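What follows is one structure encoded as structure tokens, with my remarks underneath.
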Amino acid sequence: MFNRRNFLQSSLLGSFGIVLGRKNFAGEDPCPLTQDNPIVISTWDAGLEANKAAWKILGSGGRALDAVESGVMVTEASRNCCVGLWANPDRDGFVTLDASIMDENFNCGSVAFLERIKHPISVARRVMEKTPHVLLVGAGAQEFAVAEGFPLEPQKLSDDAEKNYKEWLKKSEYKPVINIENSKSNAYHAPKKINGEWNHDTIGMVAMDTKGNLSGSCTTSGMAFKMRGRVGDSPIIGAGLFVDNEVGAATSTGQGEDVIRICGTHTVVEFMRQGLSPEQACKKAVERVIRAKGSAAKEIQVAFLALNKKGETGAYAIQKGFSYALRNNKEEKLVVSKSHFS
Ligand code: ASP
């Protein structure tokens, strides 16, 4: 619960952070703390639930890295498709998952084309912390996960995914649905709301802790009915997720191929480095996607979400309908993003 006690506790911790100061890994103090830190933001309506879990850590002075992992684990475990194992499958009928995580010191880890593992985000963190690599894929990623003690879940579609897949097989046409992550009415997701969450198939989260350190996470089942082996932007550092502790952090959702094309979240962070606000930076990156796509941009959704070192947040999308969840010491809310097309 967001109550006065938590508020006071968090405020005190925030002040504590100010007293202690917070040097980055290079020993510099990048910018002053603001009253808005700690803060967590995440994509789509499902972010509200995920932020609650992240806030348990942030609000008691914990590390942003732990918060962004715990936050998106809620979404991965949710039976309300579609992040995680209850998601829609690829065109061969298998659920394959992508995830990435990045901390305040440019440490990062990711997994892609991972099957039968409930929490890809935690495997991504292990890749970051326990291997000399950044990205593990497919059978290798799964072997690593099992060796690390993650249970191998049964290879079985959820009832919803099974139904969606059978419906899809009738035409077998790959046609991504705009805003499927929040869709309340489309062919493959019957309108439904479970535990206050709408359907979604990606969550990206970025956060700043009381020390002023930033981290981010992103986890997805990717595009429904994709080709087998397809990997999207979410596990690609600089595409679906990027964190530079001196500047800010960004994540993305939507058609991953078009985020990868422009190194989306790295681009957003670089625009913030040039002095743009998070919203302006996301808008410029969206405009770059649109320039790359030409008239085809009308048919796709891409959205960016960003947080800077001052605790300011912003988003921008190609199409309307994108929203993000925000939680800080003062409020817990859903913010509707501006978009290029209205
Ligand atoms: N960006 C994800 C992907 O392309 C999908 C999504 O955001 O819904 O895999």
I'd like the residue in the range 42-94 that is over 14 Å from the mean Cα position of the chain (by Cα) and aromatic (F, W, Y) and, out of all such residues, is surrounded by the most Cβ atoms within 10 Å (Cβ to Cβ). W55
Over the range 222-244, the set of residues crowded, with 24+ Cβ neighbours inside 10 Å, more than 8 Å from the ligand (Cβ to nearest atom), at pLDDT 95 or above and assigned to a loop (DSSP other than H, G, I, E, B) is P235, I236, A239
Inside the range 120-148, the number of residues satisfying the requirement of being without any contact (Cβ under 8 Å) to a residue 24 or more places away in the chain and of a type in the set (D, E) is 2
Only one residue in I262, I290 is without any contact (Cβ under 8 Å) to a residue 60 or more places away in the chain and closer than 28 Å to V127 by Cα, so which one is that? I262
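The values are calculated or read from the model by the stated rules, or taken from the named source; none is laboratory data. What you see is a predicted model; the values in this text were computed from it and never measured. Neighbour counts run over all protein chains shown; Cβ positions are idealised from the backbone, glycine included.
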